[in-house]
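Coordinate-derived values only; no laboratory data. In this text the structure is predicted, and so the values were computed from the model without any measurement. So basically every Cβ, Gly included, is an ideal-geometry build from the backbone, and we count neighbours across all protein chains shown.
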């Protein structure tokens, strides 16, 4: 397991968060199952007492037709159910580790914008995501699996990408 951190990530707001861990962490997924390595990374980063973890998974909206949302491009019922199961399983594993956790599933075309907005709205101090190995920017911009790298570039807080491949 390897963990990479955004080189441009802003430092935590207080030195207390650095020494004792983060108090609010967003565990995000662009749709993939959340692996045990990401749960372990969150547990290591979390402050010993009072840490809260927000779990966010994204049900992908595939686009629009003529500027209007089209039902055929929205997530299907089974895709929504799959994302709810991923979030519920992650919350359950986090609670077993003694962390307070809540889960949420959102539908969006731009997972990067939504993940960053949710982190800001929930006042999270860090984002943790499972990620594939980095690809070059040209190919990566066309791949949904490179969403964690886009979050790392856009976020204003530390982003920890967890991968077994790095």
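Brief remarks follow.
- Note on residue 78 and residue 44: the model spin-label points, each 7 Å out from Cα along the C-beta direction, lie 3.7 nm apart.
- With R₀ set to 35 Å, the beta-carbon distance separating residue 36 from residue 156 gives a calculated FRET efficiency near 0.80.
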